Every structure is written in structure tokens, then in C-alpha cells.
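Following: one structure in C-alpha cells, then a few remarks.
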Amino acid sequence: MKEYPSTHIRNVAVVGHGGSGKTSLVDALAFVAGSSKRHGRIKDGSALTDYSPDEIERGYSINLALAHAEWEGVKINLVDTPGYLDFAGDALAGVYAADASLIVLGASAGVETGTEKVWQYSQACEHEAIFFVSMMDKEHADFARVYQQIRERLTPQAIPIEIPIGAGPQHRGIINLISKTALIYQPGTKTGEYSEQPIPGEMQAEYEKYENDLIETVASTDDGLLERYLEGKEISHQELVTAMRAAMKRRELFPVLCGAAELTYGTRALLSEIVELVPPPADNPPAHAEKWGSAEKVEIPERDDAPFTALVFKTVSEPHVGDVSLFRIYSGTVKNGQEVYNAARGAPEKLNHLSVAQGKEKLEVDVLHAGDIGVIAKLRDTHTNDTLCTVAMPVVLPRIPFPEPIIHVAIEAKERGDEDKINIGLAKITEEDPTFHWEFNADVRQTWIYGLGERHLEVILGRLARKFGVHATQAKPRIPYRETIRGKGEGQGRHKKQTGGRGQFGDCWIRMAPLARGGGYVFEDAIVGGSIPSKYIPAVDRGIQEAAVRGILAGCPVVDFKVELFDGSYHTVDSNEMSFKLAGILAFRNVSPTCKPVLLEPLVDLEVMTPEEYLGAVMGDLSSRRGQILGSEPEGSTLKLKAVVPEAELYKYATQLHSLTQGRGTYHRKFKGYAEMPPEAAAKVIEEHQKEKKEKEEEG
């Protein structure tokens, strides 16, 4: 593998909605450049960057993957990202690792939900961006319509520098508006060969319109060019490119190109435009980091002569290899076998078998320069979002703000005894995927897994089976209800047992009263005159707490109540701590049903982001879920709707919201607290509990 200095590197995140043609385009770019020896196809399971069993089986990208193409002496790092929102974490990581975004749109589908999301990511990272309208050879391909959607839904600063000749089965070339030539592709070409020809007569009017738009748009970004344009003077090819590059750097202009990746049409032109228009890492402003152990901010210039600094943006577990770390170098160089430092974990790491990735292949290199993207296996203490640096300059780069999970389900092992295997597997997957979380919920005694969507969690369970040999099934999460009391009551708990010889005796009288929400549990010792010896009083307290965990109505823990122990009696021989603990349990069971017990349910603060046209449908759906609408307010190009909704009503809400808003709605949730359930809803929960209890008794 050749060595590339920073000036000869371009880092491009290939992003777009699922099915827009990203992976096919990456495959074609690497093949046309000669960096990959095979032109693979998704439908054959041979695409360069879709190589995991999950991706081959499903036919779409799930994981971020790396490839590269050498073109005109420049190494173009291509970061292929998944397009479906269930795997948005990898798309975000890809954008953060790159310097520019190549936003791919299907010529038939146009701008979709995922396109809007990755455009937001690109804007947040202040990326220069190129739009590529792919699949011009497919039925219903319409370049003009897609271009108009880009301007209306993404940015009015998009401008074509290429237009297609023909669409669908008639697609046969492109017109380059800068070079003013038609590129007609050779039928059956394998690597995008074309011949330059004059503009076809039937395309002349369309060409002139787009060319005038391009020159006027570019000229308007440069005062000198604008003056010459208004004077009717000619603007040269180089002047146009120079002004365009400067406008792209200021993010005032976003070029639009087109082609057909599977046929390799448009790939050569795209490679040349990436080399010409995307900046090398050395042109980037310095990154900012924090010196480890202090609040001191330091600049990280993307130069070879600066101390080594890199960010691990993805961790992948590969069979027979273990953990593989993908990292972007922000400063300095690194050599094969070099020892570096993870300051945040206080761990040295040796970079043996330093490599670059070409799909699933790893090509060893001797050295990587500032701005390049590398791969290393078997780091001991380093994970996604960790910074690698030097001992002399211990720093931490800003972390990638991965999205939080929005959906959760319960899982159960198919085979008894596999619970430990499941836990080991889930912990390992968490290291690979920062958007995946899991926990064992002790309240409901279920293992819960959290992700970005149903498709995401299905893939997680598939990995669990394939990599760790353990099969799990999904179940509906139980809701961690609570119980409380609204009234006061008092009564006795008396435990007496005589079995010949020493017996058991404990007797206590308690008063119960409600506390304010969040008040917890309060035990008050009001015994006077020694009716219960002080050494037995803690046992009564323990008995009451144990009984409270088992509930009054539906087997749920009882909260927010006070108990006053005010009287009782004991036996000098038969009384002991266990007897008084059992007396406390009986006292709670006898008194609590008289105190107007009620069921409490967990509530969630919900913030739903939706385009205005779907607001009515979203509000109606939340109302049907017993949600309390608090209001809405503008947030960017969407509306933010605030509501409080019972946890029990939000099972798979992400799927419903996606359906209601055509995939454009998103939401955030946060636990709010507990509130009393409406009687009709509580009755259903209590009835279900009684039914389960009866079934267990019959089984037992």
C-alpha cells in the first residue's frame, strides 16, 4: 500500500437514505479507480462494503464500512454508511470521521427521511457537501424533480454541475456544465469509459438553461466574477472552479452530480470532482481537544509535525480477529508497531498490524499521516469515542454525540440456563454499538434491550445468535407499576405458633398514613412502656418493608406511606426477631387494604419533533394513548410537541410515529415520575395480576 501525505488525502462520508445507492456507488468508485479488483453487487451479496452476514441476508447496509479509491494520485477514503434511521449511529460516526459528505439520492425516490437526517448531520459538522443523483438508469428516474426537492427540502444553494442525457433505460451519458462537453458512455463499459462529444441538439436548450444558472450562481459568490458576469464577459473554466471551491468551503454552494453506479456511469467524473473540490485534511481548521486532567483547551492542527492524536469512531467485532478499531488521525503520524496512549483510561496501546480497510480486507501499511483513516485490531482498553495520543501530550478529543435509544423490548432466553451467555453477548455488543443499551430490570425481573428501532433490535438478536450461539425471543416489557395508599388505617399483626417446645410469638399494632408523592417510606417507633422490647422493633420494620414490596393490589411495591408502630405485646420465652418480622408482615397485610390503596403508573415527558402537516395526526394519536398535550413550539423546520404520556402506552411508539409522519417524525423521552392510574386502566392491570397469580398457584 502506497504512503499518502495529508495533501493527497480526501475523506468523504457517503450518506443518504436506505436504498438510495450508496453502497453500489462506493463499490463502483473503488472498482473504476482500480483500487478494488471486483465490481460487486448488493443483490449477489458481493458488494465491497456490505460483507457481514446480516447485510448480505437483508440486502442493505447495517454497519459503517471503509473503502478507498486512488484517483489522480490522491487517496479518497470512502466511509460507507447505513441509510435507515435504525442505524443512524453509524451514519453519524461516518460523518464525524470525514471532512465532506457525498449525499446520495435515488433518481426515482428523491429526497427521503434519511436524506434529511444525514443532511442535518452534515450541516452540524459544517461539512462541504456534494449531491449525487444515482440510479439514473432506473424506471421513473427524474433528475429535474430530484434537484427541485433538494432545493426545497434541503438547501436552495444546491446547483447542478452535471445533467443527465436520457433517463431510465435511455440513460446514456451526462453533460458537464463546466467543461461544456457531453460524456457519452460506451455500451457495456465496465469502468465508466466514455467519449467526449458535442452537446446533443435535443439537449441544447436544457443545457443552456442549467449552464446559465450555474455561472450566475457561482458568480454571485464572488464580487469580482459577478461584476464580469454582469458586463457579459466570459468566465474561464479555472476561474469557475476556483470560485466554486471557495464557495463550497464557506458552505455557500453545494454541487449536484448524477450517474448510474451499477453501470459505472458518472463515476470517473465524480472521482475527479472529489479530488478537485473536497479539501485535503491539511486545509481544515485545527480541531479542539481538552488536555487530560485539566480544563485546558488545546488546538490540534492536522499536520504531520504535531503530536499524534486520533479518535476511534467505530469498533467492530470480527470472527477470528476480535475487536477491530477504526480511527481517524487528527494530527501527527503513526507507524506500524508504535506505542500510543489512551489518556482517559490511563492505558498504553501498541498498534501492531497497522492497516487500511478495503471492505473486509485489511491492507497493512508502514505509516499513516495526519488526516488519514486507519484500522487496528486487538486494542486492550480502547473503545468507540476514545482518543489515542502520546504520553507527552495527553488529550481527549470531543466525543461523537451518538443518538440515544428510543425503543426497548424485553428478551428471554429460548433455552433455560442461557441467561449468563446472553449477558456476556449483550455486553460485547454494547462495546461495538454505542446506540445500543441493555439492563436487567429488577422491578419486573426482565432483561430489557434498547435501540433506535425495531429493525435495529432484530439485528442485535441476530448477532447474539450468530456470534455467541445463544437464541433469545422478544417479549413486551412489563411496566414497573407502584402502589400507594390514599387513606389512613390501623390494625394488628399477630403471629403465634406452638409446635411443642419453644413456640413463636409476636404481636404489633400499627397505623398507616399516606405521604406526598416521592415521600418514600417512613417508619416511626411510638412504643411506650416497653410493650415491645426495643430489640424487636427493627424486625417489625423489616417485616413491613418486605410485605410492601409484594404489594396490595397487583403485586407491585408500595411507596409513599408512613407507618407508626404504637403498641403490641411479647412473650418472654417465645418471642424473637423472626416472630416480630412475621407480625409486621401480617400487620401490613391486614391494615393496608383498608387505606384506600391505588395503583401508580410511570409517566414520561415526551418531546415529539414533526413537520407541521402531521401535527394533528400526532396529537390525536397521543391523546388516544392517554397523553396530556402541553403545547407545541417551532424548532428549526419542524414543530416540537410536548406531552406527558403513561409509559404503558408507549410500547413501540417509534414505529407508529414513523408511520404517522412518513418517517419524518422523531422524539425524545425522559422519565417524569409516578401518578395515580385511572380506575378503568388500573382494573385491567389488577385483573391481569390476579389471573397470573392463579395460574402460578395451579402450576405449583
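The values are calculated or read from the model by the stated rules, or taken from the named source; none is laboratory data. Values in this document were obtained by computation on a predicted structure and should not be read as measured data. All Cβ positions, glycine included, derive from the backbone under ideal geometry; neighbour counts span all protein chains shown.
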Positions within the range 495-531 being in contact with a helix residue (DSSP H, G or I) (Cβ under 7 Å, 6 or more places away or on another chain) and in a loop (DSSP other than H, G, I, E, B), in sequence order: I527
Among the residues of the range 156-175, what is the count of those that are in contact with a strand residue (DSSP E or B) (Cβ under 7 Å, 6 or more places away or on another chain) and surrounded by 19 or more Cβ atoms within 10 Å (Cβ to Cβ)? 13
Between R58, R145, R153, which is surrounded by fewer than 23 Cβ atoms within 10 Å (Cβ to Cβ), more than 14 Å from S20 (Cα to Cα), modelled with pLDDT under 95 and out of contact with any helix residue (DSSP H, G or I) (no Cβ under 7 Å at 6 or more places or on another chain)? R58
I'd like to know if the range 254-261 contains one or more residues that are part of a helix (DSSP H, G or I) and not assigned by TED's automatic domain parsing to the domain that holds L311. yes
Members of the range 194-223 that are surrounded by 11 or more Cβ atoms within 10 Å (Cβ to Cβ), outside the structural domain of L177 (by TED's automatic domain parsing) and small (G, A, S): A219, S220
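Every residue, every condition in (1) over 33 Å from the mean Cα position of the chain (by Cα); (2) free of Cβ contacts under 8 Å to residues at least 60 places away in the same chain, yes or no:
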position	(1), (2)
V645	no, yes
A648	no, no
G665	no, yes
R669	no, no
K672	no, no
K684	yes, yes
H689	yes, no
E695	yes, yes
Residues satisfying the stated conditions in the range 318-336, i.e. among the small types (G, A, S) and at pLDDT 95 or above: S325, S331, G332
Any residue in the range 411-419 that is without any contact (Cβ under 8 Å) to a residue 12 or more places away in the chain and not charged (D, E, K, R)? yes
Any chance I235 is assigned to a loop (DSSP other than H, G, I, E, B), in the same structural domain as G40 (by TED's automatic domain parsing) and surrounded by 14 or more Cβ atoms within 10 Å (Cβ to Cβ): no
Which condition breaks for T384 when tested against (1) surrounded by 20 or more Cβ atoms within 10 Å (Cβ to Cβ); (2) outside any loop (DSSP other than H, G, I, E, B)? (2)
Would a scan of the range 560-580 turn up a residue that is closer than 18 Å to P533 by Cα, in the same structural domain as G491 (by TED's automatic domain parsing) and without any contact (Cβ under 8 Å) to a residue 40 or more places away in the chain? yes
Restricting to the range 559-573, count the residues that are closer than 19 Å to P538 by Cβ and either within 50 Å of the chain's Cα centre (by Cα) or not hydroxyl-bearing (S, T, Y) (or both). 9
Does the range 93-104 contain at least one residue that is of a type in the set (A, V, I, L, M, F, W, C), at pLDDT 95 or above, surrounded by 24 or more Cβ atoms within 10 Å (Cβ to Cβ) and assigned to a loop (DSSP other than H, G, I, E, B)? yes
So in the range 105-142, with the set limited to residues that are assigned to a strand (DSSP E or B) and of a type outside the set (A, V, I, L, M, F, W, C), which one is surrounded by the most Cβ atoms within 10 Å (Cβ to Cβ)? S134
